[in-house]
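Here the structure comes first, spelled out in structure tokens, and everything after it is commentary.
The values are calculated or read from the model by the stated rules, or taken from the named source; none is laboratory data. Just so you know, these numbers come straight off a predicted model, no measurement behind them. Every residue, glycine as well, gets a Cβ built from its backbone with ideal geometry; the counts of neighbours run over all protein chains shown.
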Ligand SMILES: [Zn+2]
């Protein structure tokens with residue numbers, strides 16, 4: 001018997017309220033859709049993104065290896081999503097102004113100014129692995145719980161680890177206050193639960209990286225990071 005395509009049309013205003021459990025664990029379909037909206041809303045109209053959100057399908061009881069591709073319709077605000085590997089797909093309408101809509105908050109974090117003289121701008125200056133040396137919410141021992149805390153940017157992708165959080169990043173680069181800046185959404189785990197959120201970081205005059213990481217409906221914390229090879233101390 002052929003599998004029927006699974007396309008879900010969702011009016012985001014009519015989502016059932018999420019329980020705290022679902023929010024923490026990100027396991028319900030509503031929590032999944034919230035993550036899709038969070039990432040889709042960060043993108044401009046016309047955007048097409050390969051998100052780090054894993055497909056929820058389990059054909060033959062094995063997890064589908066696909067990730068969710070997200071597209072914003074160029075003329076109206078619908079967010080279309082589909083699995084990179086299977087038929088799992090859908091359309092989300094009326095998500096604007098919801099608690100998962102990051103399109104309003106994103107510009108406030110980064111005020112884009114005209115590019116300064118060019119040699120020091122763009123992803124290249126931020127790419128690579130940065131050691132998280134300080135966070136507002138946690139001390140160094142907590143940051144390094146799973147191994148040295150870090151954030152890493154590789155063109156549009158990246159990863160990070162601190163405290164019990166490990167996640168994949170979806171990155172956009174710009175300049176703000178005349179400095180290379182990255183904004184990102186992230187999706188991954190916090191301890192054993194799924195977790196997601198957003199963040200930004202900006203290169204400082206002293207070569208360090210300063211930014212803020214937000215967990216979706218959870219904590220947020222500023223952080224300071226240094227280039228991995230510049231944090232080796234002779235102790
Ligand atoms: Zn799939």
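Quick notes
- Residue 53 being within 11 Å of the ligand (Cβ to nearest atom) and either in contact with a helix residue (DSSP H, G or I) (Cβ under 8 Å, 6 or more places away or on another chain) or part of a loop (DSSP other than H, G, I, E, B) (or both): yes
- Filter result (surrounded by 14 or more Cβ atoms within 10 Å (Cβ to Cβ), away from the ligand (no atom under 16 Å from the Cβ) and over 14 Å from residue 95 (Cα atoms)) within segment 28-48: 28, 47
- Of all residues in segment 182-194 being over 11 Å from residue 160 (Cα atoms) and modelled with pLDDT under 90, the one that is surrounded by the fewest Cβ atoms within 10 Å (Cβ to Cβ): 192
- The strands (runs of 3 or more DSSP E) located wholly in segment 137-235 include none with 1 or more residues which are free of Cβ contacts under 8 Å to residues at least 40 places away in the same chain, in the same structural domain as residue 49 (by TED's automatic domain parsing) and closer than 30 Å to residue 30 by Cβ.
- Tabulated pairs, segment 10-21, first assigned by TED's automatic domain parsing to the domain that holds residue 77, second modelled with pLDDT of 85 or more and part of a loop (DSSP other than H, G, I, E, B), C-beta under 8 angstrom, 6+ apart or interchain: 11/94; 12/94; 12/95; 13/94
- Test: residue 156 is touching a strand residue (DSSP E or B) at 6+ places or on another chain (Cβ under 9 Å) and either over 23 Å from residue 51 (Cβ atoms) or surrounded by 21 or more Cβ atoms within 10 Å (Cβ to Cβ) (or both): no
- Within segment 69-85, the set of residues being free of Cβ contacts under 8 Å to residues at least 40 places away in the same chain and within 13 Å of residue 7 (Cα to Cα) comprises 80, 82, 83.
- Flag for residue 134 being farther than 26 Å from residue 53 by Cα, part of a strand (DSSP E or B) and at pLDDT below 90: no
- Test result for residue 97, modelled with pLDDT of 70 or more, more than 16 Å from the ligand (Cβ to nearest atom) and not in a helix (DSSP H, G or I): yes
- If you go through segment 57-88 and keep only what is more than 10 Å from the ligand (Cβ to nearest atom), more than 18 Å from residue 28 (Cα to Cα) and within 21 Å of the chain's Cα centre (by Cα), you end up with 69, 70, 71, 72, 73, 77, 78, 79, 80.
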